[in-house]
1. Out of curiosity, is V434 crowded, with 22+ Cβ neighbours inside 10 Å and among the β-branched types (V, I, T)?
2. If you check L468 against the conditions, is it among the hydrophobic types (A, V, I, L, M, F, W, C), free of Cβ contacts under 8 Å to residues at least 40 places away in the same chain and surrounded by 14 or more Cβ atoms within 10 Å (Cβ to Cβ)?
3. Kindly list the number of the only condition in (1) over 18 Å from the mean Cα position of the chain (by Cα); (2) assigned by TED's automatic domain parsing to the domain that holds A412 that fails for N327.
4. Determine whether region 398-410 contains at least one residue that is without any contact (Cβ under 8 Å) to a residue 24 or more places away in the chain, surrounded by fewer than 21 Cβ atoms within 10 Å (Cβ to Cβ) and either on the phi < 0 side of the Ramachandran plot or part of a strand (DSSP E or B) (or both).
5. Just give me the residues in region 474-494 being assigned to a loop (DSSP other than H, G, I, E, B), out of contact with any helix residue (DSSP H, G or I) (no Cβ under 6 Å at 6 or more places or on another chain) and modelled with pLDDT of 90 or more, in sequence order.
6. Of all the residues that make up region 264-282, how many are surrounded by 19 or more Cβ atoms within 10 Å (Cβ to Cβ) and either small (G, A, S) or not assigned by TED's automatic domain parsing to the domain that holds Q316 (or both)?
7. Only residues that are surrounded by fewer than 19 Cβ atoms within 10 Å (Cβ to Cβ) and outside any strand (DSSP E or B): list them for region 205-220, please.
8. Return the residues of region 178-188 that are touching a His at 6+ places or on another chain (Cβ under 8 Å) and either surrounded by 22 or more Cβ atoms within 10 Å (Cβ to Cβ) or not in a loop (DSSP other than H, G, I, E, B) (or both); say none if nothing qualifies.
Amino acid sequence: MAMSHQRIAQNAEALKKNLEYGTELIAWLDQQKVEYAYVGPGEHNVWNIRIHLPKDLRQVFGVEREVLVVATKFENVQPRLLNHVADGLKPPSVESDMCILVGNNLNPDQWADEEKGLGFNLIPVNRSELQSGTAPGMAAVLAGHLARVDHFAFVRPLNNKAAFFGRSQDIQRIKALLTQGQHVGVFGLKKAGKSSLVNRIALELREAGWSIIQIDLQREGTAADNLRRLLLQRTLDEADRARFVGSRIAGSQAVDAVSQSRSAWVDQLDYALALHRNAEGVLIVIDEIDLLLPGRTFEAATTSEAQLATIGVLQQLRGLTDDLHNNRARKSPVLLTAGTDADLFGSSFIEERPNPLWAMVDFHYLGPLDLAETSDMVRTLGRRSGLNFTEGSVIHQLFDDYGGHPLVTRTACSSIHRRVKAEQVPYSVSTQDVVRVAKRPGPKTAPQLARDIPQQFMALFPDEAPLLRPLLEGGTELINPDDAPYAVEYGVLTEDGRLRLGILRRG
């Protein structure tokens, strides 16, 4: 139910009395000719205001719904404040990707990276400027922030739904397999979005009542003892988090003791998994799984034998899950892994030894985004960054140049954003902007990243490299896609056998 004008006026008066700069804040908003939809107190000395921008600003910035304004006494943006903002952006009547944050000496550089990962703009207005009468107008506040924050320039794995785009078919297929009790391995090129995808699936399953145990081998190491410790400790921690038990099951000393013995570890892990009997399911996520292949890590203490020992830990885990799968009274955990090279599960031999993990997972190859997904990503991130990609020809040009590969496409758009000044925001992107970026030389540019994609692929799949080289060197424009199936799966080739990235076809 909408808040009445009388209630809004009453709450605005209460805000003026209870917030040190409340009078100045309401006066500033009135000067911007906004319409109030809601005014009310929140937790932690925070006030929430929802406003409609005046018609001219709505048209300029493409903002039709209510804009959330959060007024706080905090000087630093704390996690609880970010959670408060995220909750305030959930109602369908509210713009989901922007919040005006009013507070003391706010420094947006402190939260810039986190802001991109959260998927919304946190636009600062400082209390001191309100009280001194020097606060800029709403148009300048919005334009200045959008020009400064480049939402395309974010390369870490995503953990927030609002920052994630596309992959609906991938998500549906993988979730269906996991629900059926099938282990799944997600494989694709570097920066294709594998980690973000498994994070998204883990988040959705957790919301559905699953227990989630997550491990990142790149960040946490590949040593066998460490993997045993992490699997056991996080299974216990997750049981505590979900309150499946009344008290702590095992402290760090107990984990240290049982991790010294393989049999004790398996028995203890079996016991820890039994604590999750009230969960809808148990998912074990292991990212960067191909680091377990001999020769794939630079850890000083790691040798082929050490990596094979860690593969032995997964062999034990496989045996345990198989036993539990055949026990109707127990829930068997399922494994979701991500990596670039599928050989850990696809090769029958590793280091001339039979591979105990062969055919353990269902393979899911992650290619680029399709045109609709690319359009959604570019237009949404563009809107958050002050760029308008309204012309369909611009989206088609980006898709033809970079084939829907997320990192390369975002890098191209980021290059456009860096050339835009605050007074140009919102900036309408043209095909000339895209062409200019495609001609830009240098490392870490979109053209260079595009050229790296087939090189990275050929290093992973040397058997298909001889087929790709004539395409890259201009000797031919088309090959039989059946001869290079992985190049199609990984998004290097189109389904009809052409180079997927148009920028490579044009040299």
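The values are calculated or read from the model by the stated rules, or taken from the named source; none is laboratory data. Because the structure is predicted, anything quoted here is derived from the model rather than measured. Note that each Cβ is placed from the backbone with ideal geometry, even for glycine, and that neighbours are counted across all protein chains shown.
1. When the stated conditions are applied, V434 passes them.
2. Details: among the hydrophobic types (A, V, I, L, M, F, W, C): yes; free of Cβ contacts under 8 Å to residues at least 40 places away in the same chain: yes; surrounded by 14 or more Cβ atoms within 10 Å (Cβ to Cβ): yes.
It is true that L468 is among the hydrophobic types (A, V, I, L, M, F, W, C), free of Cβ contacts under 8 Å to residues at least 40 places away in the same chain and surrounded by 14 or more Cβ atoms within 10 Å (Cβ to Cβ).
3. (2)
4. Within region 398-410, the subset without any contact (Cβ under 8 Å) to a residue 24 or more places away in the chain is none.
No, every residue in region 398-410 fails to be without any contact (Cβ under 8 Å) to a residue 24 or more places away in the chain, surrounded by fewer than 21 Cβ atoms within 10 Å (Cβ to Cβ) and either on the phi < 0 side of the Ramachandran plot or part of a strand (DSSP E or B) (or both).
5. Let us first name the residues in region 474-494 that are assigned to a loop (DSSP other than H, G, I, E, B), namely 474-480, 484, 490-492, 494.
Okay, now just the ones that are also out of contact with any helix residue (DSSP H, G or I) (no Cβ under 6 Å at 6 or more places or on another chain), so 474-475, 477-478, 480, 491, 494.
Passing the criteria: N480, G491, T494.
6. Going through region 264-282 one residue at a time, the tally reaches 2.
7. The first filter runs over region 205-220 and keeps only residues surrounded by fewer than 19 Cβ atoms within 10 Å (Cβ to Cβ), leaving 206-209, 214, 216, 218-220.
Residues satisfying the conditions are R206, E207, A208, G209, Q218, R219, E220.
8. Taking region 178-188 first, the residues touching a His at 6+ places or on another chain (Cβ under 8 Å) are 181, 184-187.
If the condition is that a residue be touching a His at 6+ places or on another chain (Cβ under 8 Å) and either surrounded by 22 or more Cβ atoms within 10 Å (Cβ to Cβ) or not in a loop (DSSP other than H, G, I, E, B) (or both), then V184, G185, V186, F187 are the ones that fit.
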